[in-house]
Structure formats: structure tokens, C-alpha cells
Amino acid sequence: MDVDPQHLHMKDVHGEYYQMTSDIALMLPLLELTNYDQVCFMHNVMYFYRLHQHNDHIIDRNLQLAIELEIRSKKSLKLTSE
């Protein structure tokens, strides 16, 4: 099933790949396509983000937030794949 062959869930309104926040751009559609009833949560921490001066929220928190809001406002992939 190829629901997003142009990878639009990873691109901004100008067709460019997001500069940051790509983890959200990837995870939200994966969760959506998996169905929430099939998702399980792990109680153990599997990954810690390293904190340093090059983190997105330090470089440009406003851009990071704007991209996240844009990602969350995108049309559902689930609706387009049916």
C-alpha cells in the first residue's frame, strides 16, 4: 500500500522537506495507519534525546512549533488511502 508516494507528510507547503520536527512528521502518520487499537506503550524508556546547543528547540523554537502545528493540521493519510 503506497498511501503517500510523494512523501507529502514529510514536506512543507512549498514541497520542501521539513528542516526539523521530522520525528513527528514520521510518527503521526505511522500511528494513524497502524490503527490506535494496535498501538502498545512501553513502560521502559527506549531513547533519550541528547541535549546540546544544536537541538531544534534551541536553534529556533518558533520554527519548531510552527512545523509541528503544520504537521498536525495535515489531511489524514487514512482517508486518502481508502
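The values are calculated or read from the model by the stated rules, or taken from the named source; none is laboratory data. Since the model is a prediction, treat every value here as computed from it, not as a measurement. Glycine also receives a Cβ, built like all others from the backbone with ideal geometry; neighbour counts cover every protein chain displayed. When the accessible area is computed, the model is the full protein with side chains, heavy atoms only, and any ligands, DNA or RNA have been set aside. Shrake-Rupley method; radii C 1.70, N 1.55, O 1.52, S 1.80 Å.
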Pairs under 6 Å by beta carbon, first residue at pLDDT 90 or above in the stretch 25-37, partner not in a helix (DSSP H, G or I), six or more apart or different chains?
A25/Y18
Cβ-Cβ under 6 Å pairs, at least 6 apart or on other chains, the stretch 58-82 side at pLDDT 90 or above, far side aliphatic (A, V, I, L, M) and part of a helix (DSSP H, G or I):
E68/I24; I71/I24; I71/A25
Checking S22 against (1) touching a residue at least 12 places away in the same chain (Cβ under 8 Å); (2) open to solvent by 100 Å² or more (accessible area, probe 1.4 Å); (3) in contact with a helix residue (DSSP H, G or I) (Cβ under 8 Å, 6 or more places away or on another chain), which single condition isn't satisfied?
(2)
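Consider Y36 carefully, then state whether it is touching a helix residue (DSSP H, G or I) at 6+ places or on another chain (Cβ under 6 Å) and open to solvent by 60 Å² or more (accessible area, probe 1.4 Å). Reasoning before the result, please.
Details: touching a helix residue (DSSP H, G or I) at 6+ places or on another chain (Cβ under 6 Å): no; open to solvent by 60 Å² or more (accessible area, probe 1.4 Å): yes.
The answer is no for Y36.
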Against the definition (open to solvent by less than 100 Å² (accessible area, probe 1.4 Å) and in a loop (DSSP other than H, G, I, E, B)), how does V45 come out, yes or no?
yes
